[in-house]
Amino acid sequence: MTKQLYLKPRSAAEAAALLAEHRRAVIIGGGAYVRLGSRRIDVAVDLYDAGLDYVRRTPNGLELGAMATFRMLETAPELQDYADGILVRCVERIVGVQVRNITTVGGTLFGRYGFSNLITALLALDAEVALHHAGRMPLGDFLATKPDSCDLLTAVFLPDQVWRASWQDMTRTVNDYAVLNVAAARCGDQARVVVGARPGRGVRCPEAEAALLAGDADGAAEVAASTLEFGNDVRAGGDYRRELCRTLVARATAEVLA
Amino acid sequence: MNEVGKSLPKIDGVGLALGRPAYTDDLAPRPALVVRALRSPHAFARLKSIDTAAAEAIDGVACVLTWRDVPRVAVTRAGQGHPEPSPRDRFILDEYVRHVGDEVAVVAADSEAAAVAALAALVVDYEVLEPVLDFEQAEDHATVLHSEPEIHENFPIGFEPTRNIASAYAMHVGDVDKVVQDAEVVLRRTYYTQAQQHVALEPMVCATWLDLHGRLNVLTSTQTPWHVRRIMARALEMPVGEIRVNKPRIGGGFGGKQMIHGELLCGLVTRRTGKAARMVYSRREVFAATNTRHPMRMDITLAADRGGHLRAIDMQALSDTGAYGEHALTVFMVAGAKTLPLYNKVEAVRFGGKTVYTNRVPGGAFRGYGAIQGNYALESALAELAHELDLDPVELRRMNMIAEGETSPIFAIMGEGTEGVAMTIDSCKLPACIDRGMELIGWGEKYPRREAGPEKVRGVGMALAMQGSGIPGIDMAAATLKLNDFGSFNLLIGATDLGTGSDTILAQIAAETLSVSTDLIKVYSSDTDRTPFDTGAYASSTTYVSGHAVRTAAQKMRAALLTEGAAMLGCAEKDAVFDGAEVRGPDGAISLEDLSTRLLYSQNQKQLCTTGSHLCEKSPPPYLAAFAEVEVDLGTGKVDLIDFVAVVDCGQAINPNLARVQVEGGLAQGIGMALTEEVRYGKRGTLLTGDMMTYRIPARQDIPRLTVELAASHEPSGPFGAKSVGEIGIDTPPAAIANAVFNAVGVRVRDLPLTAEKVLMALREGRAK
Amino acid sequence: MTIVFTLNDREVTWEIEPTETLLQALRRNGLVGAKEGCDTASCGVCTVLLDNKPVPSCAVPAARVDGHTVTTVEGVQDQARRIGEAMAAEGADQCGYCTPGLVMSLVAMEKELDQPDDEQIRSYLAGNMCRCSGYTSQMRAVRKYLGGGR
Ligand SMILES: Cc1cc2nc3c(=O)[nH]c(=O)nc-3n(C[C@H](O)[C@H](O)[C@H](O)COP(=O)(O)OP(=O)(O)OC[C@H]3O[C@@H](n4cnc5c(N)ncnc54)[C@H](O)[C@@H]3O)c2cc1C
Ligand code: FES
Ligand code: FES
């Protein structure tokens, strides 16, 4: 057995250097999911002290550091009204305050989890991510690429837009993973309808977005339910998810239109 | 009464809040070998070979055990009295593994890391066999789970392992078929209940070591120290007297810790190595390798006249005991025995069926113990009958339910595993419970439904329940009181406090009997070496049975104090009185403090020590009337609980706060079973709900409101009028909530849990029709 | 590896394994107030404060706390006693396994929220599961503690 290393860089640059040095290093964000995995970790690069735990306003919108925790999103004054507060709504019921104090924006996006509430919400708000090597790109593009475990996600950017938005999800118990989650948003001639936890990852539904722009909530619901893919997992079956999609997209789009 | 009937704080509450060492893992000796089990990835397999060489070669590994290294003695891990009504169908380790999670081998090492490495180094060659996963196909399936020649039943329980039948049972009173044939109304329904997991927040934990004398000491998170000792002795082939079992505080049990878990493995490791050992189940192991509630199919037939008078009930059940037959027969019987007597006016009643083996996590004891399964079926069917007859479901219950001074022939016919004991009901406050419950929920205004906003409908539903108080003729408990100098007492009890507060209420009973304050009673419990016997904490027995023993011990102590006090005062015993503070005679008094101190140090020196023991003679049922209000979301099918009202007749509550919390806690678990909790398996028998992220117990917001009241009641046969209260809370939520959902949206889901998915799909089907 | 951190107001130096969780390290060092319940950050019985915020210590690597501040129930005994008494007065403490974790969340909640209503309390404590009590009595106790405890 090789000796295991636990490293705590003091900046993003230092973290990137450590990752370059240790090709098999594993980044620790919140650590909640790294811990759940059973893989053996020889070198851990923990970003806790890297200064990435912030939510701030920039000239072009908002910036969420990779180490911003869900609890920070929930309590940040900048996010209470941004997009009708859906970034608060989408995380505020996840497990409990304890877990939200450790789970991070970076870990969630990098993990590309199908169930993720945050991914669904951020997709609806045209978020962009910044990677240390690959640079800045739309979140959707990032999710479509294969994860490069040596790159470092440093921040998420939200455009300076006034979104009308709605968050809808359905859980079995109040703080369970979503059986389905939906975010809808509209700003001028831009509309977004994103459905996640299908159980596959959040995806946009352009047909539903067109219906939303046309002011047709029921149409958006119908088309989202009929065009998106739904599957089974331990939480629910695909047929139910389809029905749920109809309801939640109708509610989300109606709220945006209201 | 001064001490009984008071909501005294639980005696261990503050210490536990402070985080003081109290639970098994807090107190287990260190250093100790870390014991870990290799668990089967297959639902059914034969272990063709296990190569342990690599594991044994790892630094720090103290021993590796496989089925070839353990005594070949058939046992049951059920943790019941002797001889057990469950089949002895298990070995410490066996050549076959019968469910995903079953134990393949055991390693013990100096460190966690070495133990994990050793597990990974074991090379097992499995011959994977075709599993039985559907309990409705299990009987006479081509696959037979148990063909070991050593396994057996202790007395006839219908055990037919070659047919995958763990137990069978049938009873009847009157001619059900004939009554059904003649009846004006007949309702036939089938209901399914699911496997539920206890999810006590403390997992199974035990530690073993050899003491100075070479005796095996066992510290374990158990509900049944004496059964653990007896079964360990049998399995490890050692005399009972060479084992000491001690239960410290436990972090919840709910029946899950009636069974024996790591004790056999850990004990064997200590026997083999001579070293202290410690086994802590991970949460995944708790899910995969302990026990669940037995899932059941219940076929119910009700016969009645148009006016709603029940004439016959037929309940035929099929129960799934998983890979091993723990509590197979007894849980099954309770499904009928603790539900059918509620409606004692029928002309005929029949109950029967089988418990079968499947390659799933074994069934076991779980609060409610069959009664919750039976209750869900019977109380749902009654609601369906009321609906057909266009009767208020409350009226239907009132017309048919048992009353004070009445009996049911079922009491004599059905016990737990054996025949029962005839009894007359001396306390039954159901009428008052129902009236009060209706008032608290607002039945008059709310039944059956109200609109509650766009796409939201609220409905109310109800159910009644009964349980028992101990197992008559079987449950036995004892208590010893010892007088200390300066007037305090040690109360030594076998009873097992699982966090229910029984140490506190038993102290209250002793204090009340002695007329002293409860803080003078110093409780020490559940230690097979140092306290008297108790069958354990199950079957709702502690207050009723152990409470009696304590009361007897205290009465004897009271008499002894009078004798000794009178002697010191130089008066006749009949002229002396004891008021808790002093023994007073015609010409003077001596304080308890003084008397006790003199007795040990200076005058008539002796130790006063009294013991009471009690055998449970009858099992008076507590009763409960439950009313649920739910809100159903028509767009998602989600059922939100708005309020759950339960009014309980548990006799005189010894400690009303603790009694109420017992009910509230039971309700919450029953609500979990009703709505979200479900053990689920994949196609090949893998567990899909093996952690707390997939198996969901209710969180705080899921249970916004529970309204529990205790009805004024007094059970003449109970200590200070008490009956039991530990289990009954769990019984009603499945039926009451199912009935409320039906009343709200007209959807009748007959298989638990009532997930949003089932409700919505049923709603959509209804609309499509 | 060696870590130096502030534990219950005292600086300590511990030898830990790089793979250990904070919960494992705490218990190994005799601080058994935090307990293991689920091992998947789902139950809250391992709650401690890291830099004054409640976290599930089963999901925090011990190495992370190097240079930081950890508070366990052993470090807030006065509050724990008052909360324990409020719980006992309501009969809300059953097996007690969840109580130290609940104490830690309450201690944090008191600092974070001003005069929370029931809904806010429930939501703040949502991560603290209890299988025994049905939560209702705990809520009674929490209200009592918040009302009279300050
Ligand atoms: C009990 C529990 C319940 C949950 N319930 C929900 C829920 O209901 N809904 C929901 O949406 N989510 C839920 N989550 C998931 C949670 O929200 C997070 O998405 C998850 O924990 C991952 O975040 P983390 O910060 O812990 O990431 P980590 O575990 O630290 O990391 C996850 C992955 O990302 C990598 N990584 C981390 N940070 C970076 C970075 N900056 N750059 C590059 N790679 C990185 C890691 O190496 C790892 O591969 C739950 C989590 C838990 C533990
Ligand atoms: S043990 Fe950490 S949250 Fe359950
Ligand atoms: S009191 Fe037992 S888990 Fe809360």
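The values are calculated or read from the model by the stated rules, or taken from the named source; none is laboratory data. Owing to the predicted nature of the structure, the values given are computational and were not obtained by experimental measurement. Ideal geometry is used to build each Cβ from the backbone, glycine not excepted, and the neighbour counts take in all protein chains shown. With ligands, DNA and RNA removed, areas are computed over all heavy atoms of the protein, side chains included. Shrake-Rupley method; radii C 1.70, N 1.55, O 1.52, S 1.80 Å.
Averaging the sequence gap over all C-alpha pairs within less than 8 Å and six or more residues apart, then dividing by the number of residues, gives region A:218-258 a relative contact order of 47 percent. Label-to-label distance for B:Arg46 and A:Ala254 is 6.2 nm, based on points extended 7 Å past Cα in the beta-carbon direction. Surface analysis of the protein assembly as shown yields an accessible area of 33 Å² per residue, using protein heavy atoms and a 1.4 Å probe.
Starting from the Cα gyration tensor of chain A, take the square roots of the eigenvalues, sort them a ≥ b ≥ c, and report rounded, prolate or oblate (rounded when a/c is under 1.5, otherwise prolate if a/b is larger than b/c, else oblate).
prolate
Heavy atoms of chains B and C lose about 4000 Å² of accessible surface on contact, summed over both sides with a 1.4 Å probe. Could you tell me whether region A:2-46 comes out rounded, prolate or oblate from its Cα gyration tensor? Rule is a ≥ b ≥ c as square roots of the eigenvalues, rounded for a/c under 1.5, then prolate if a/b exceeds b/c, otherwise oblate. Oblate, since a/c reaches 1.5 and b/c is not below a/b. Residue by residue, region B:62-75 carries 3J(HN,Hα) couplings of 8, 6, 10, 10, 10, 4, 6, 9, 10, x, 8, 10, 6, 9 Hz when phi is fed to the Karplus relation 6.51 cos²θ - 1.76 cosθ + 1.60 (θ = phi - 60°); x denotes Gly or Pro. Using the Karplus relation 6.51 cos²θ - 1.76 cosθ + 1.60 with θ = phi - 60°, the per-residue 3J(HN,Hα) values for region A:137-142 come to 7, x, 4, x, 5, 4 Hz, with x marking Gly and Pro.
Placing +1 at every Lys and Arg Cβ and -1 at every Asp and Glu Cβ, with all other atoms neutral, what dipole size does region C:76-146 have around its Cα centre, in debye to the nearest 20?
It works out to roughly 220 debye.
A dipole drawn for the protein assembly as shown from +1 and -1 charges on Cβ atoms has a positive end, and of A:Met137, A:Ala258, A:Asn181 the residue lying farthest that way is A:Met137. Each part gets one Cα centre, and for region A:1-68 versus region B:601-641 those centres are 51 Å apart. Dipole magnitude for region B:476-608: about 260 debye, using +1 per Lys or Arg Cβ and -1 per Asp or Glu Cβ, origin at the Cα centre.
Using the Cα centre as the reference, give the magnitude of the dipole from point charges on the C-beta atoms of region C:2-74 (Lys, Arg: +1; Asp, Glu: -1; all else neutral), rounded to the nearest 20 debye.
Roughly 160 debye, rounded to the nearest 20.
For B:Thr707, the residues whose amide H sits under 5 Å from its own are B:Phe644, B:Val645, B:Ala646, ignoring neighbours fewer than 5 places away on the same chain, with H placed 1.01 Å from N. Region B:55-94 and region B:517-558 have Cα centres spaced 32 Å apart. Cα centroid distance between region A:166-231 and region B:107-144, in Å? If we compute the Cα centre of each part, the gap is 43 Å. Straight-line cross-link partners of B:Lys618 among the lysines, defined as a Cα under 30 Å from its Cα and at least 8 positions apart when in the same chain: B:Lys6, B:Lys10, B:Lys247, B:Lys257, B:Lys338, B:Lys345, B:Lys354, B:Lys429, B:Lys482, B:Lys522, B:Lys556, B:Lys723.
Please report the relative contact order for region A:55-159, taking Cα pairs under 8 Å with a sequence separation of at least 6, and give it as a percent rounded to a whole number. This gives 31 percent for region A:55-159. For region B:112-183, relative contact order (Cα pairs under 8 Å, six or more residues apart, normalised by length) works out to 20 percent. Shape of chain B from the C-alpha gyration tensor: oblate (a/c of 1.5 or more and a/b not above b/c, with a ≥ b ≥ c the square roots of its eigenvalues). Solvent-accessible surface of protein heavy atoms, probed at 1.4 angstrom with all chains present, puts A:Tyr33, B:Tyr695 in the order A:Tyr33, B:Tyr695, largest first. Considering only protein heavy atoms and a 1.4 Å probe, what is the carbon-and-sulfur percentage of the accessible area of the protein assembly as shown? Of all accessible area on the protein assembly as shown, carbon and sulfur atoms account for 49 percent.
Under 20 Å of direct C-alpha separation, and excluding same-chain neighbours fewer than eight residues apart, B:Lys638 reaches these lysines: B:Lys446, B:Lys456, B:Lys758.
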